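S.K.: What follows is a single structure, and I will ask about it in a moment.
The values are calculated or read from the model by the stated rules, or taken from the named source; none is laboratory data. On a predicted model such as this, the values are computed, not experimentally measured, just so you know. Please note: Cβ atoms are built from the backbone with ideal geometry, for glycine as well, and neighbour counts cover all protein chains shown. Quick note on the areas: whole protein, heavy atoms, side chains included, nothing else; ligands and nucleic acids left out. Shrake-Rupley method; radii C 1.70, N 1.55, O 1.52, S 1.80 Å.
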Amino acid sequence: MTPGSPLNALKVEPPFDEYHFIDLDGDKLNHLRELAGGYSNVHFYKEDCNSVLLKEVFPRARYSNYRRGLCLLDPYGLHLNWEVIYTAGQEKSIEIFLNFPTQDMNRNIFWHNPEGVNENDIKRMNSFWGDETWRDAIVRRTPGLFETMEERAGHREVAETFRDRLKKVAGFKYVPEPIPMRNATRAVIYYLFFASHNPTAEKIVTDIFNKYRHRMA
């Protein structure tokens, strides 16, 4: 059995002062609670991370209190609000790893004409991206002989636009090039992002990403 992110986090040395695990799936959370039963500094939440992180967790890692936090955001598709990402960036004391859900975007939004996208999917995309500028991100415009030509941008270009957004809008100083994560058929299912205010952390993560990027190419 390969340990997942929560168990790997528990094994980090030196350890973190606190661990906060959030999942709406009660069975998964109970299983994790059993595995982490020997730790007294672990907190479990069967709630929506979009509210718990903002109300319960992030305030415990305030820059003004000389606290720091590392947040792993692994949403089930487009079920993460931009406010969480933006708040982490503004705190300046929280670093994030984010699974950017390319597969969900491709399946429900990018493969359709804009007028054919389900209204609920548009709302989910707006919530994840923070506004509707994603509409410009998914279209590549190039000058033609008589008019501007438009074509659908690739998932790598969309990810790069989001990387820029993490820096310019959320306010993270350092956002290395994300690494594409692929399934058994080599299709990209999500991009793994790291965002920080620490140049040393960026260098470490960039080295790790580059190591696995070559393996997975």
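S.K.: Inspect the range 31-38 for any residue being in contact with a Leu (Cβ under 7 Å, 6 or more places away or on another chain) and either in a helix (DSSP H, G or I) or loosely packed, with under 15 Cβ neighbours inside 10 Å (or both) and give the result as yes or no.
M.R.: Narrowing the range 31-38 to residues in contact with a Leu (Cβ under 7 Å, 6 or more places away or on another chain): 35-36.
Okay, now just the ones that are also either in a helix (DSSP H, G or I) or loosely packed, with under 15 Cβ neighbours inside 10 Å (or both), so 35.
The answer is yes, given that some residue of the range 31-38 is in contact with a Leu (Cβ under 7 Å, 6 or more places away or on another chain) and either in a helix (DSSP H, G or I) or loosely packed, with under 15 Cβ neighbours inside 10 Å (or both).
S.K.: Additional query: Residue check, Gly77 against (1) farther than 25 Å from Phe172 by Cβ; (2) open to solvent by less than 30 Å² (accessible area, probe 1.4 Å); (3) part of a loop (DSSP other than H, G, I, E, B); (4) not acidic (Asp, Glu), all met but one. Which one?
M.R.: Of everything listed in (1) farther than 25 Å from Phe172 by Cβ; (2) open to solvent by less than 30 Å² (accessible area, probe 1.4 Å); (3) part of a loop (DSSP other than H, G, I, E, B); (4) not acidic (Asp, Glu), Gly77 misses just condition (1).
S.K.: Only one of (1) touching a Gly at 6+ places or on another chain (Cβ under 8 Å); (2) surrounded by 15 or more Cβ atoms within 10 Å (Cβ to Cβ) fails for Gln90. Which number is that?
M.R.: (2)
S.K.: Quick one: in the range 140-162, which of the residues that are modelled with pLDDT under 85 and surrounded by 15 or more Cβ atoms within 10 Å (Cβ to Cβ) is nearest to Ala187 (Cα to Cα)?
M.R.: Looking at residues that are modelled with pLDDT under 85 and surrounded by 15 or more Cβ atoms within 10 Å (Cβ to Cβ), I get His155.
S.K.: Open to solvent by 50 Å² or more (accessible area, probe 1.4 Å), out of contact with any Pro (no Cβ under 7 Å at 6 or more places or on another chain), among the hydrophobic types (A, V, I, L, M, F, W, C) and part of a strand (DSSP E or B) - does that describe any residue in the range 62-74?
M.R.: So the first thing to find is which residues in the range 62-74 are open to solvent by 50 Å² or more (accessible area, probe 1.4 Å), and the list is 62-68, 70, 72, 74.
Among the residues that remain, those that are also out of contact with any Pro (no Cβ under 7 Å at 6 or more places or on another chain) are: 62-68, 70, 72, 74.
After this cut, where a residue has to be among the hydrophobic types (A, V, I, L, M, F, W, C) as well, the list is 70, 72.
When the remaining residues are screened for being part of a strand (DSSP E or B), the result is 70, 72.
Scanning the range 62-74 turns up at least one residue that is open to solvent by 50 Å² or more (accessible area, probe 1.4 Å), out of contact with any Pro (no Cβ under 7 Å at 6 or more places or on another chain), among the hydrophobic types (A, V, I, L, M, F, W, C) and part of a strand (DSSP E or B).
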